[in-house]
Structures are given as structure tokens and as C-alpha cells.
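*Asks:* My questions all concern the structure below.
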Amino acid sequence: MSTTFDDLSLELAINRLQRAIEDWAISKDIWFECGFKTYAEHVDGEPSEIPVVFVLYFSSTFENATYGTELWDLVQSHGFHFENADGSTLHFYPEDGPRCEAYANYFHWQWVCSLLQPDFGDVYEELYGHFARRPDDLHRLDWREFEILLARIFQTQGFVTELGPGRGDGGVDIRLLQRDPIGDILTLVQAKKYAPKNRIGLEAVAALSGVAGVEKAQRSIFVTTSTYQPVAKRFAARTSGALELYTSSDITEWCRTARDGIIQDKSTLVSTASVERQLREIGQKAHPRVVHAHSGYNITTNEFALILKETKHAALLMALPDLTISDDGYGQRGTEIPILDGRALPLLKQDTVWRARRSTDDSGRARYWDGRHLYHAWDGKPAYFDRCD
């Protein structure tokens, strides 16, 4: 007999374990400067293959307890295990089995939802691949997420899209503009995220047709996760193609086409000539497109990268080689800078071009997180490294 896990049962299991850990730590008088956060909050990145169900951050008071068996036995009794990630956080994982797979699906869904941003483009293919594989998950989206997903799909089809405000949009959720030699073509889109049993009737489709007439739009599209009443279909049929009706099966096919059209080798999205031009413009100096991150546990290493392209929420980064400026004679400690000339071009390849999520801090400074490193604009100064553990 197979066991199924819904979102609520998975969340409750996490909550029970967290309460048990906190109660245990309080009883030991070691619950100081400790707390829990989700993996997404901790790294703002894609979930790992074996899902981290939550992260516990702790102070030195708590740390000694992580080396004994008492905490380990407590966690295992709940069906989980943990590892010390970096000396200040513990990562908790489910034990292997059906529940582990359920958690993987649960956190992947959270990740997909986080990608529903209006300007995410060819950096991410998971967004479309998820719904191509799991069309029923369209019903898990809220109405605004559904509109954003459709806007992104239409962009992959070559349309210039204008996503409406979400409320008070006059019956038009998305406007599509298609450039044409004989004149631009305007298409109005109405999106309705309804339950399958809530079918779209005549009034809704006729209203969209009326708005299209007022705005002199050449086409209009109604898209729903539900179906249409026969009277609505008959009305659309009489418009000679000016009004088209689509359902979840069409969205699934659009997602499949979008996914297949996105190149997974991100290095091919930018030409060598473009990278050469960027490097010439930058020279060997600080520039907003050259970013830097520190990394290492008990050591200090540097990661340098070039921003190949970016939007408000996403970016493509290319690794940059580094040049040692000074060292201790053994190559273990010293300073280094990124190489910003033709020697960087061999790194324009699949393994060293990757995606990152772009955001800004409180001061408005851009930062880029790829799930492992947090990059900021390089300040132009040699960066210290220490490879002695």
C-alpha cells in the first residue's frame, strides 16, 4: 500500500521536529541566538536534489551539542537527519523513502513559484518544464501567478507583452504586440484561473470581444484552466478567428514548446564577440559588470565573474580566471585579481556560464546569488586569499 503525503502533512512534520529541537535545547540551556529558516530564505536558490527541509542557525553555545548523539537520536526519531554545513548552520534532511521524494516535489514547487517574475526570460527553463510535466499544478497557482506565467509564455513566442496591473484592468490581463511589415498586430488576453467545473460562459467571452472592438485590437485570446460552455464556443466560432479560446491543455503544450526552445547551454546565449567587446570596454579596472564573492569554510577563496546579461530579477554570469598579485612564496596566502582580457574567453562554455538571481540590498546595490556564492560588484582592489585549512 503506497503512502501519499500532502503539503500540510509535510509542513506539520517539520513543525513537530522544530518544536522538539527547541524544547530539547531550552532544557539544556543552550537555546541562545538560535532559530530556524527555510533553505530558500537561507540561500535564495534552487533546492538541492536531496531537499534541505529547513536550516537551523546557532551560536557557539549550541555548537558542542551538535557533536554528541543525543540531538542526532532525537532528529532520527522524527525521520530526519542533519549535517553541519558551515560551523554556524545545520541542514536537516528527510530520511530516504517516499517522504523524501514528497519533500523534493514540495520544495521544487516552491522554487518554481519563486521564478514567476514578469521579466524572467531565457535564463530559466524549469518554469516551463514543470508545467509541461505537471499540468494539474496550474490550479495551484494564484490568479496573479497564472497571469505572469502566461505573459512569460507569450514572450517566448515572440510577442512584446504588457502585463496589466492585476486589478482594475478593464477586462484585459495582457496585451500582446506583434511587429508585422503591414502594420503592428494588437492582441488582448483575458486569463481566468478557475476550477475545472467552473466553465466559462457567454458573458465573459463576449465582454472580451467587446473590449477588443473598442481598442481596435486585431485579435483577442481567452485562456482558462477550466473549460467553456457550448454557447461561448459558438460565439467564438462566429468571430472568424478574431476571438480564440484556450484551456489548460493548450497551456501545457505552450510550456512544452517554450521549454524545448530554451537552450540549456547558457553560454550559447551570448556570442564570443559580445564578450570580447565587454572585456575591451571594461579593461583591467572596477566595473559594475565584474562581480566578486568570497567563499570557503576555514579558508578564504575568491570567485570572480562577468555579468553577460541581466534583467531585474535574473542574470547570466561567466567565471573569470584570476591572477595572483602577491603571495607568501608557497601560493597559500596572498592577493589576486580577475583577468579581464582575451585569456577569459575560453570560459565562455557550458560548465562556466551559469545563472544567478539578481536582487538589491537596502542601499540599492545589486547582488547576485547562484545558490553557492553571493556576488557584488568588484571594488577593483586585489582580493585576499588564504588556502590554509
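The values are calculated or read from the model by the stated rules, or taken from the named source; none is laboratory data. Computed from a predicted structure; not experimentally measured. Positions of Cβ are backbone-derived with ideal geometry, glycine not excepted, and every protein chain shown enters the neighbour counts. Only protein heavy atoms, including side chains, enter the accessible area calculation; ligands, DNA and RNA are left aside. Shrake-Rupley method; radii C 1.70, N 1.55, O 1.52, S 1.80 Å.
*Asks:* Computed from the coordinates I sent, semi-axes √(5λ) of the Cα gyration tensor in Å equals one of (i) 45, 33, 15; (ii) 55, 23, 20; (iii) 45, 29, 16. Tell me the label.
*Replies:* (i)
*Asks:* What whole number of Å gives the distance from the Cα centroid of the stretch 20-44 to the Cα centroid of the stretch 265-340?
*Replies:* So the separation of the two Cα centres works out to 35 Å.
*Asks:* Ignoring everything except DSSP H segments at least 4 long, calculate the 222 nm mean residue ellipticity for the chain; use -39,500 (n - 2.57) per segment, divide by total residues, nearest 500. Don't skip to the answer; put the middle values down first.
*Replies:* On the way: 11 runs with 123 residues, N = 389.
Estimated from H runs of four or more residues: -9500 deg cm²/dmol.
*Asks:* Residues with amide H under 5 Å of Ala85's amide H, sequence separation 5 or more or different chain, H placed in the peptide plane at 1.01 Å from N; which?
*Replies:* Close amide H contacts, sequence-distant or interchain: Leu90, His91.
*Asks:* Once amide H atoms are placed 1.01 Å from N in the peptide plane, what residues at a sequence separation of 5 or more from Lys309, or on another chain, have their amide H within under 5 Å of its amide H?
*Replies:* Leu316
*Asks:* Largest first, how would Arg16, Arg99 line up by accessible area (1.4 Å probe)? Write down the numbers at each step before the final one.
*Replies:* On the way: Arg16 115, Arg99 50 Å².
The most accessible residue leads, giving Arg16, Arg99.
*Asks:* Report the extension gain between Arg277 and Arg199 in nm, rounded to one decimal, defined as 0.36 nm multiplied by the number of residues separating them, less their alpha carbon distance.
*Replies:* Working: separation 78, 0.36 × 78 = 28.08 nm, distance 5.42 nm.
Full extension of this stretch gives 22.7 nm more.
*Asks:* Quick check: residue separation of Arg140 and Lys349 times 0.36 nm, minus the Cα distance between them. What number comes out in nm?
*Replies:* Working: separation 209, 0.36 × 209 = 75.24 nm, distance 3.66 nm.
Roughly 71.6 nm would be gained on extension.
*Asks:* Let me ask something else about it. Using the Karplus curve 6.51 cos²θ - 1.76 cosθ + 1.60 with θ = phi - 60°, what ³J(HN,Hα) values do you get for each residue of the stretch 75-89, in whole Hz, with x for Gly and Pro?
*Replies:* After applying 6.51 cos²θ - 1.76 cosθ + 1.60, I find 5, 5, 5, 9, x, 9, 9, 9, 9, 7, 7, 8, x, 9, 9 Hz.
*Asks:* Counting other Cβ atoms within 10 Å of each Cβ, which trypsin sites (Lys or Arg not before Pro) in the stretch 148-232 have at most 12 and sit in a DSSP loop? Spell out each step's value before the answer.
*Replies:* Numbers: sites: Arg152, Arg167, Arg175, Arg179, Lys192, Lys193, Lys197, Arg199, Lys216, Arg219; in loops: Arg167, Arg179, Lys193, Lys197, Arg199, Lys216.
Qualifying residues, ordered by number: Arg167, Arg179, Lys197, Lys216.
*Asks:* What nm value, rounded to one decimal, do you get for the distance between Arg238 and His376 when each label is placed 7 Å out toward the C-beta?
*Replies:* 6.5
*Asks:* Starting from the Cα of Asp73, step 7 Å along the direction of its Cβ; do the same at Glu41; then give the gap between the two resulting points in nm.
*Replies:* Between Asp73 and Glu41, the simple spin-label model gives 3.0 nm.
*Asks:* Would you mind checking Lys37/Lys193; Lys192/Lys233; Lys193/Lys309; Lys266/Lys312; Lys312/Lys381; Lys349/Lys381 for any pair whose Cα atoms are more than 24 angstrom apart?
*Replies:* Working: Lys37/Lys193 31 Å; Lys192/Lys233 16 Å; Lys193/Lys309 33 Å; Lys266/Lys312 18 Å; Lys312/Lys381 27 Å; Lys349/Lys381 27 Å.
In this structure, Lys37/Lys193; Lys193/Lys309; Lys312/Lys381; Lys349/Lys381 lie more than 24 Å apart at Cα.
*Asks:* How far is helix 143-156 tilted, in degrees, relative to the longest principal axis of the Cα atoms in the chain, given as a value from 0 to 90 rounded to the nearest 10?
*Replies:* 90
*Asks:* Same structure, new question: Of the residues Leu202, Leu374, Leu279, which exhibits the maximal mean-square fluctuation in a Gaussian network model of the chain defined by a 10 Å Cα contact cut-off?
*Replies:* Taking springs between Cα atoms under 10 Å, the residue moving most is Leu202.
*Asks:* Can you work out the Karplus-derived ³J(HN,Hα) for every residue in the stretch 336-348? Use 6.51 cos²θ - 1.76 cosθ + 1.60 with θ = phi - 60°, whole Hz, and x for glycine or proline.
*Replies:* Working through the residues one at a time gives 8, 9, x, 8, 10, 8, x, 5, 7, 4, x, 8, 7 Hz.
*Asks:* Taking amide H positions as placed in the peptide plane 1.01 Å from N, state which residues far from Tyr228 in sequence (5 or more) or on other chains have amide H under 5 Å from it.
*Replies:* The answer is Ile200.
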